[in-house]
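Structure record follows, encoded as structure tokens.
No value in this document is a laboratory result; all are computed from the given coordinates. It should be emphasised that the depicted structure is a prediction, and the values quoted were computed from it without experimental measurement. All Cβ positions, glycine included, derive from the backbone under ideal geometry; neighbour counts span all protein chains shown.
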Ligand SMILES: Cc1cc2nc3c(=O)[nH]c(=O)nc-3n(C[C@H](O)[C@H](O)[C@H](O)COP(=O)(O)O)c2cc1C
């Protein structure tokens, strides 16, 4: 089938893009408003964009009850300039899903999901204590594009539980972390457990020497 993305119908572009750009990592973002009220929500339109400087990006769609209203996460980040991306692993899946519920702004999703918090190293926003890894970020910029906000965050500190770090690199022991990925909008996720296919990149010299 061919879909005309210049004239998409209903949720067509959303449904097709999130099904095809998959699997995606999930950022469970903690943020805080100016009064210190905590918020947590998952976002899978998320990835790192560059490493020097370390920048991550995510897309947060506005709500449209009566005109566009930013989601609490986007509003908090604009106002306080800080957030934490907590890495979603299999053991945190169900609680992450509770945080995606459309609670009123005054409700703390972390309490609803029975998550606890731990202080961050650099930013005021705490990380989720149960998360095995977290990226502390400062807002680099927010772009308003149509009904969405694209938020770029500069990573200022990274927490990873010692057992998930191979100090030789340092590398993340990703095969042991068991992060999950999001597939389509029907509630489908993938495990990264047992799914590792190893294929190191070749140098040009190795290619010329016939290595395949
Ligand atoms: C796995 C998952 C991924 C999601 N990804 C996004 C996303 O990329 N962008 C978005 O706007 N909403 C996304 N959502 C929906 C938000 O999490 C949801 O609207 C949430 O209530 C926003 O909370 P907030 O208003 O506290 O920021 C996702 C939900 C789930 C369960």
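Taking the chain as a Gaussian network of alpha-carbon nodes connected by springs under 10 Å, the highest mean-square fluctuation of the residues 186, 177, 38 belongs to 186. In segment 12-211, Cα pairs under 8 Å separated by at least six residues give a relative contact order of 23 percent. In this calculation the C-beta distance from residue 161 to residue 5 is compared with R0 = 35 Å, giving a FRET efficiency of 0.25. The fewest-to-most ranking of 64, 80, 142, 30 by surrounding Cβ atoms within 10 Å reads 64, 142, 80, 30. The ranking of 58, 112 from fewest to most other beta carbons within 10 Å of each one's beta carbon is 112, 58. For the chain, adding -39500 (n - 2.57) for each run of n ≥ 4 DSSP H residues and dividing by the number of residues yields -4000 deg cm²/dmol at 222 nm. Taken as Cα centroids, segment 147-212 and segment 2-19 sit 28 Å apart, rounded to the nearest whole angstrom.
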